[in-house]
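Beneath this line is the structure, given in C-alpha cells, with notes to follow.
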Amino acid sequence: MSEYIEHDPRGESVGRVTRRFFTFAESFEKMILENGVPFGPVTIAYETCGTLNPDRTNVILVLHALTGDSHMAGVYSPEDAKPGWWDSMIGPGKGIDTNRFFVICSNIMGGCMGSTGPSSLNPETGKPYGTDFPVLTIGDMVRAQKKLMEHLGITRILSVVGGSLGGMQVLEWCVRYPEMVRSAIPLATTTKHSALAIAFNEVARQAIMADPNWCNGHYYSGRKPDLGLAVARMIGHITYLSDESMRQKFGRRLQDQSDFSYGFKADFQVESYLRYQGSKFVERFDANSFLYITKAADYFDLEQQHGGGSPVKAFSGVPAKFLVISFTSDWLYPTYQSRTMVKAMKKNGIDVSFCEIEANCGHDAFLLPNERLTNLIRGFLEGVFHDIGS
Amino acid sequence: MISEAENTRYDLGIIASWIQPQSRVLGLGCGEGELLHYLKTHKKVKETGIEIKEERVRTCIEKGLSVLQGDINEEILDYPDDYFDYVILSQTLQQVYEPESLICAMMKIGKKGIVSFPNFCHWRIRMQLLFSGNVPVTRELPYEWYDTPNIRVLSIKDFRKFTTKLKFGILKEAAIVLRDGNRNGDIVKHYPNLFATYGIFMIGKGKSAK
C-alpha cells in the first residue's frame, strides 16, 4: 500500500489515539506456528477508536496491508504531520463511524511497527532475530489477532474489514473463526496470489537480498540494506498504480529540467517519484519484515489450506455476511479474483454483496479517499448492525 | 403522510402481495432495489439482487440490500438448486438475449418464478402499427427502434404459450394497467391481451401447477 495520508479537509477526526501492546506466548505456553515451530513471546501492537457498547456488539476489526500499521486513524499528538493511514474512512460520521462502532486495528506479527518481527530482540540471544525469525503465514498473523481479541474480552466481531494483505487476513478470519465473525469486507484482495503477484514479490525480495548490507538478514548492528529495500518499494509501488494513473500523474514529464541530462540521474518525474518513495520508505520499514510479510502473502492460499484446493469447500460453513469490493484498474488483484471468491460464497448460500468500483488509480484505490467506497461501507455496516438489533 | 407501501409502484405491490413473509428472494436486474427494499422491510424476506450497473449496485448496498454486480445470465448459475423461494424477473424479460435458458435457470435455483413484462399487444400499440406505420413507441416501451434496450417484444398470450412450451405451470397471473406515474393501477379482467399494459406471472414447476 502507498501513503496518501492527509488530514481530513473537514477537520473530522477521532483525535488523539494511543498505541497499545499485548504480549502472549511467554515462557511455557509458546505459540505453535503453522510450520510447526514453537514460538514466543509474541507482542502485538494495536489501537482502538470509539467506545465498546455494553453488550459488546459494535466491534469492528480493521486489518492493514503489507506496509501498514496499527495507526489507522487520528493522531498520537496534535503536532503530528499526518494522521493514521485510513483516516479518510474511520472517524466520527465517516464510513466506519466511531460514534457508533468500537474499532480495533491490530498490527501484524512479523512486521516492524511494534509487533514481534525479525527486528525484535530474540530473548535467547539478546540480539535481533534477523532471519532466525520463523517464516510466518497469514494464518499465524490471524491467530495472534485472535489472542488479542480474547485479551480484550471480545467474542463476536460485527465486521472484519481490510484491503489487499489486510483482505487476506479478513478472509482467513472468516474461515478460521466462523463463530466470531458476523460480517466481513474484503477489499481489493484475493484468495491466493497469482504468478504475477508472486513474481513481483520475488523481484522485490531479490533486490533486498542482493544488497551487500543485507548480510543474510543479520544487519542490525551495522549498515542496513537500504538500497535493496528502496528498490523493493519502488517495484511494489508500480504494482499499486495503473497505466492510466501513471500517465495522468507523470506522463513523460521531466523533473526540474527541460531536456534530458544524457546521464543516469532521475530525468523523468516518474523516476524521481519512485526514488523518493523508496528513500522515504527505508526510514520507517525493516527490510527483513518486508521479506517475511511478502512470503506470507505468497504462501497464502485459502482454497488449498481450508478447502483442499476448492474455493467452494474453503467457504463452507461460513455464516458471515460479505461485502466484496474490487476496483476496475487493479491489476495486482484483478476483479476476476474477487469474482472467484464471490462465486464460491454463492455456492455455499452465503449472503454476499459484490461491487466493482470504477477507478483508474489501480490497486491503491482502496486507500484513497473515495466517497463511493465510503458510502458502500457505511451502508453495509449500518445494515449489519441493524440486523443484529432486530 | 404517504406510507412507503402506498408509494410503491403498483406492479411491484402486486408482486409483493404474492410473496410469503420471511422467504428467500432473488431479484434479477433489480435496479436500485425498490422492490427488494420493500420486500425486506414489509415482508422480512432474505433478499439478494443482481444488477449490472455499478451505480445502481451501490445504491442498493447503501440501502442495506445484498446485491451482486454482474450479468444475470452468468450470476444466476452459481446458486444451489431450489435455493430461493422466489426468483423475480421484473420488467427485464424484454431485454434478455436468451429468455428460454434464463427462465429455465431461474426455475432451477428457485422454487417459484415471478416474471413481469410490458404487453406488446395492447390496443394502442396495435393501433400505432396499423395507422402510423412506425414501430410503436409507448410509455411502457419509450424507445425508438435504434436506441431500444428492449430486444424482444411479447404479449401476455405469448408468455402463456411460452410457459406451456417450457412445461412450467402458471400459479398466479395479473394483467394490469398503470396510472398516476405508476403509483396506481387497475387489474384488467376482460380481454387482458388487448387492454393490459403489463402482464405479471408467477410460475411453478410442473404443468399442473394451476
Inset, instruction - State, to one decimal in nm, how far the label point of B:Leu129 lies from the label point of A:Arg20, with both points 7 Å from Cα in the Cβ direction. - result: 7.3
Legend entry - Calculated FRET value between B:Gln95 and B:His190, using beta carbons and R₀ = 22 Å, to 0.05: 0.15
Legend entry - Residues of region B:106-135 with amide N under 11 Å of a point placed 7 Å along Cα→Cβ from B:Gln20: B:111-112
Inset, instruction - Calculate the dipole size of chain A relative to its Cα centre from +1 charges on Lys and Arg beta carbons and -1 charges on Asp and Glu beta carbons; express the result in debye to the nearest 20. - result: 440
Legend entry - Relative contact order [Cα under 8 Å, 6+ residues apart], region A:192-349, whole percent: 24
Inset, instruction - Using amide H atoms built 1.01 Å from N in the peptide plane, name the residues 5+ places from A:Phe354, or on other chains, whose amide H lies under 5 Å from its own. - result: A:Val324, B:Val67, B:Leu68, B:Gln69
Legend entry - region B:38-190 - charge dipole about Cα centre, Lys and Arg +1 at Cβ, Asp and Glu -1, debye rounded to 20: 860
Inset, instruction - Have a look at A:Gly307, A:Gly263, A:Gly117 and tell me which one the Gaussian network model of chain A (Cα, springs below 10 Å) gives the largest fluctuation. - result: A:Gly263
Legend entry - Distance violations [Cα-Cα > 31 Å] among A:Lys321/B:Lys161; A:Lys94/B:Lys46; A:Lys127/A:Lys147: A:Lys321/B:Lys161
Inset, instruction - Could you go through region B:112-125 in sequence order and give the Karplus-derived ³J(HN,Hα) for each residue, using 6.51 cos²θ - 1.76 cosθ + 1.60 with θ = phi - 60°, rounded to whole Hz, and x for Gly and Pro? - result: 9, x, 10, 10, 10, 7, x, 7, 7, 10, 4, 4, 5, 5
Legend entry - Stokes-Einstein D for region A:133-207, Kirkwood Rh over Cα pairs, 4 °C, 1.567 mPa s (µm²/s): 96
Inset, instruction - Taking the dipole about the Cα centre of the protein assembly as shown, with the C-beta of Lys and Arg at +1 and of Asp and Glu at -1, give me whichever of A:Tyr240, B:Leu178, A:Gly114 is farthest to the positive side. - result: B:Leu178
Legend entry - Positive-end extreme of charge dipole, chain B - chosen from B:Leu35, B:Trp18, B:Ile61 (charges on Cβ): B:Trp18
Inset, instruction - First select every other residue whose beta carbon is under 12 angstrom from the beta carbon of A:Leu148; then total the charges, Lys and Arg +1, Asp and Glu -1. - result: +2
Legend entry - Contact order relative to length of chain A, as percent, for alpha carbon pairs under 8 angstrom and 6 or more apart: 17
Inset, instruction - Using the number of other C-beta atoms within 10 angstrom as an exposure proxy, rank A:Ile377, B:Ile170 with the fewest first. - result: B:Ile170, A:Ile377
Inset, instruction - Springs between alpha-carbon atoms under 10 Å, Gaussian network over chain A: tell me which of A:Asp55, A:Asp80, A:Asp298 tops the mean-square fluctuations. - result: A:Asp55
Inset, instruction - Please give the contour-minus-distance gain from A:Arg284 to A:Asp132: 0.36 nm per residue of separation, less the Cα-Cα distance, rounded to one decimal in nm. - result: 52.6 nm
Legend entry - Simple Cβ-charge dipole of region B:142-210, Lys/Arg +1 and Asp/Glu -1, about Cα centre, in debye nearest 20: 620
Inset, instruction - Add +1 for every Lys or Arg and -1 for every Asp or Glu among the other residues with Cβ under 9 Å from the Cβ of B:Gly27, and state the total. - result: -2
Inset, instruction - First check a/c for chain A, with a ≥ b ≥ c the square roots of the eigenvalues of its C-alpha gyration tensor; if it is under 1.5, answer rounded, and if not, answer prolate when a/b is larger than b/c or oblate otherwise. - result: rounded
Legend entry - Among B:Gln22, B:Gln91, B:Gln128: highest mean-square fluctuation, GNM of chain B, C-alpha pairs under 10 Å: B:Gln128
Legend entry - Förster-model FRET efficiency, 25 Å R0, B:Ile170 and A:Arg372, C-beta, rounded to 0.05: 0.05
Legend entry - Relative contact order [Cα under 8 Å, 6+ residues apart], chain B, whole percent: 19
Legend entry - Summed residue charge, Cβ within 12 Å of A:Thr137's Cβ, Lys/Arg positive, Asp/Glu negative: -2
Legend entry - Selection of GluC sites (Glu not before Pro), region B:95-175, meeting DSSP coil and at most 10 other Cβ within 10 Å: B:Glu144
Inset, instruction - Would you please classify the overall shape of region B:88-210 from the alpha carbon gyration tensor, given that a ≥ b ≥ c denote the square roots of the eigenvalues, rounded means a/c under 1.5, and beyond that prolate means a/b larger than b/c while oblate covers the rest? - result: prolate
Inset, instruction - Identify all aspartates and glutamates with a Cα-Cα distance to A:Lys82 below 17 Å; exclude those on the same chain that are fewer than 8 residues away in sequence. - result: A:Glu3, A:Glu6, A:Asp8, A:Glu12, A:Glu47, A:Asp69, A:Glu283
Legend entry - Highest average packing first - A:311-322, A:354-365, A:246-257, Cβ atoms within 10 Å: A:354-365, A:311-322, A:246-257
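Readers should treat all values here as calculations from the given coordinates under stated rules, not as data from a laboratory. Because the structure is predicted, anything quoted here is derived from the model rather than measured. As a convention, Cβ positions derive from the backbone with ideal geometry for all residues, glycine included, and neighbour counts pool all protein chains shown.
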